[in-house]
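Below is one structure, written out as structure tokens, with a few remarks after it.
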Amino acid sequence: MPALGEGPDRQSGILPAQLVKAAIELGDIRAERRIDEAQIQPASLDLRLGAVAYRVPASFLPGPTKTVAEKLEQFALDRIALNGDEGAVLERGSVYLVPLQEGLRLRSRWSGSANPKSSTGRLDVFARVITDHATEFDAIRERYCGPLWLEIAPRSFHVRVREGSRLAQVRLRIGRPRTSDSFIRDLNERARLVHAGEDEEAGAGEGADIKHGAIALSVDLASAGADNIVGYRAKRAEDPIDVDRVGAYDPDDFWEPVHKPDGGGIVLDTDDFYILASKERVAIPQDYAADMVAYDTLVGEFRVHYAGFFDPGFGYEGERPVGAKIVLEVRSHEVPFLIDHGQIMGRVLFERLSQPTDRPYGSGIGSNYQGQALALSKQFRR
């Protein structure tokens, strides 16, 4: 295997799974404990919580002159152990800071970005990575060398976490490849990224709304099954949700259904949290990854996406791009907001990998949401 920075990985783009693994072996990604193979995703690495959480009075960034630890000395309220089997419950409405087990030693032209995992976002948990001297959340500057911290702020539910819980993930990239509207339009036609609805063949997508290199996605309020459900709204439940338990909870205890509107739209009540689905289906080729613009005031005063990179191979069956819906995690701010079927809710950005991944998203690596339609997080029974 050539050293990183030599051979085909000299091309700019996101590091695929095989180069993430190489970066671990070479010490560019470091950890207190051996990194598990299961942490390596198609184009990212899952990050593990450390042994302690600090409750803080407010979210903060350390700024260019301080480390996170230095800032934490001024603001920490409580120190909470996470290293027992039961871990600890992080309470709704509070803000916590947790050192992560992984750290970075990035090279020239290397930078990174972080994001909560899909299941974290669907639980309405803010989870944002912070670095020393950071002026932005989830952004890891070029040549960064140091620890990683995770800010955790549960919004709808209390959550139970423990040392080793994986709430966030990081992507590393070489350079910063840019894509134009015309490039994305050609890629959409050639690689079948997006198509417009359930009754169209995968890869239709002609006339896609493309702006600033991103493809618009709209909300589906019409594709309800026999139960007539098009979404879910979070309840203010008091029982905590253990983030490490899969299929353990009854959705009815934590969610109320949103039913298909009768000839109209639905109103997003201020600061309530909703799970909805896109009308379009998306398929990500093995040499691309994607992300969604979380907040776009041009289409409404709401946040539409809390978590989850869209990995290469998402929406594929083998080599065939069948597409999968994008789950929308939505919270309206300032005022209630009326949405109708087919209304634009956000835009999805595509970015190339430095080389195709050898570990595409899907059942072969235990991916939870391949082929999804409207789906709650993995902690709930389907």
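I'd like to compare 58-64, 336-342: which one has the highest average count of other Cβ atoms within 10 Å, and what's the full order after that?
Working: 58-64: 13.1, 336-342: 15.9.
For the peptides 58-64, 336-342, the packing ranking is 336-342, 58-64.
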Which pairs, out of K71/K117; K235/K260; K211/K378; K235/K325, put more than 22 Å between their alpha-carbon atoms?
K71/K117; K211/K378; K235/K325
Pull up all non-local amide H partners of R92: gap of 5 or more, or a different chain, and H-to-H distance under 5 Å with H placed in the peptide plane.
H158, V159
Within a Cβ distance under 9 Å of H212, other residues only, what is the Lys/Arg minus Asp/Glu net charge?
+1
What net charge is computed for the residues neighbouring G84, neighbours being all others with C-beta under 9 Å from the C-beta of G84, Lys and Arg scored +1, Asp and Glu -1?
-2
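Taking only protein heavy atoms into account and a 1.4 Å probe, give the accessible area per residue of the range 61-179 in Å². Intermediate values should be presented prior to the final figure.
On the way: 4760 Å² over 119 residues.
Using a 1.4 Å probe on heavy atoms only, each residue of the range 61-179 averages 40 Å².
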Would you grab the residues whose amide H sits under 5 Å from the one on K66? Only those 5+ places off in sequence or on another chain, please, with H modelled 1.01 Å from N.
H133
Per-residue counts of other Cβ atoms within 10 Å, averaged by peptide: what ranking do you get for 184-195, 263-274, 36-47, highest first?
36-47, 184-195, 263-274
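About its Cα centre, how strong a charge dipole does the range 42-134 have in debye, to the nearest 20, once Lys and Arg get +1 and Asp and Glu get -1 at the Cβ?
Its charge dipole is roughly 420 debye.
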Starting from the Cα of D271, step 7 Å along the direction of its Cβ; do the same at L349; then give the gap between the two resulting points in nm.
2.9 nm
Picking from A22, L172, T120, whose Cα lies most toward the positive end of the charge dipole for the chain (charges on Cβ: Lys, Arg +1; Asp, Glu -1)?
A22
Checked against the positive end of the charge dipole of the chain (+1 on Cβ of Lys and Arg, -1 on Cβ of Asp and Glu, about the Cα centre), the farthest of G63, S156, V330 is G63
For the chain, build the charge dipole from Cβ charges (+1 Lys, Arg; -1 Asp, Glu) around the Cα centre, then report which of A208, Q343, V230 sits farthest towards its positive end.
A208
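Peptides 136-144, 80-88: what's the order by average Cβ count within 10 Å, highest mean first? Spell out each step's value before the answer.
Values: 136-144: 16.0, 80-88: 14.1.
By packing density, highest mean first, the sequence is 136-144, 80-88.
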About the Cα centre, charge dipole magnitude for the range 21-64 (Lys/Arg +1, Asp/Glu -1 at Cβ), debye:
200 debye
Label point 7 Å beyond Cα of R79 along Cβ direction - residues of the range 95-128 with amide nitrogen under 15 Å:
97-99
Let me check the size of the range 117-168 from its C-alpha atoms; what are the radius of gyration and Dmax in Å?
12.3, 37
Which cross-chain or sequence-distant (5 or more) residues have an amide H under 5 Å from the amide H of Q343, H modelled 1.01 Å from N in plane?
V219
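Could you give the length gained by full extension between D252 and L26, i.e. 0.36 nm per residue of separation minus their alpha carbon distance, to one decimal place?
Details: separation 226, 0.36 × 226 = 81.36 nm, distance 4.70 nm.
Extra length available between D252 and L26 comes to 76.7 nm.
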Once phi is turned into ³J(HN,Hα) by the Karplus curve 6.51 cos²θ - 1.76 cosθ + 1.60 with θ = phi - 60°, what whole-Hz value does each residue of the range 129-142 show in order, with x for glycine and proline?
7, 10, 10, 4, 6, 7, 10, 9, 7, 6, 10, 10, 6, 4
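Relative contact order for the chain using alpha-carbon pairs under 8 Å, separation at least 6, rounded to a whole percent? Please list the in-between numbers first.
Details: 1005 pairs, mean separation 75.3, N = 382.
Value for the chain: 20 percent.
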Once neighbouring chains are kept in place and the probe is 1.4 Å, which whole percent of the accessible area of the range 152-291 is contributed by carbon and sulfur?
40 percent
Using Cα springs under 10 Å in a Gaussian network model of the chain, which residue among G362, G225, G13 shows the largest mean-square fluctuation?
G225
In square angstrom, what is the accessible area per residue of the range 213-252 with a 1.4 angstrom probe?
44 Å²
Quick one, which of (i) 34, 21, 21; (ii) 31, 28, 19; (iii) 39, 21, 18 is the actual semi-axes √(5λ) of the Cα gyration tensor in Å calculated for this model?
(ii)
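The values are calculated or read from the model by the stated rules, or taken from the named source; none is laboratory data. What you are looking at is a predicted structure, and each value in this text was computed from that prediction instead of being measured. Glycine gets a Cβ as well: all are built from the backbone with ideal geometry, and neighbour counts include every protein chain shown. With ligands, DNA and RNA removed, areas are computed over all heavy atoms of the protein, side chains included. Shrake-Rupley method; radii C 1.70, N 1.55, O 1.52, S 1.80 Å.
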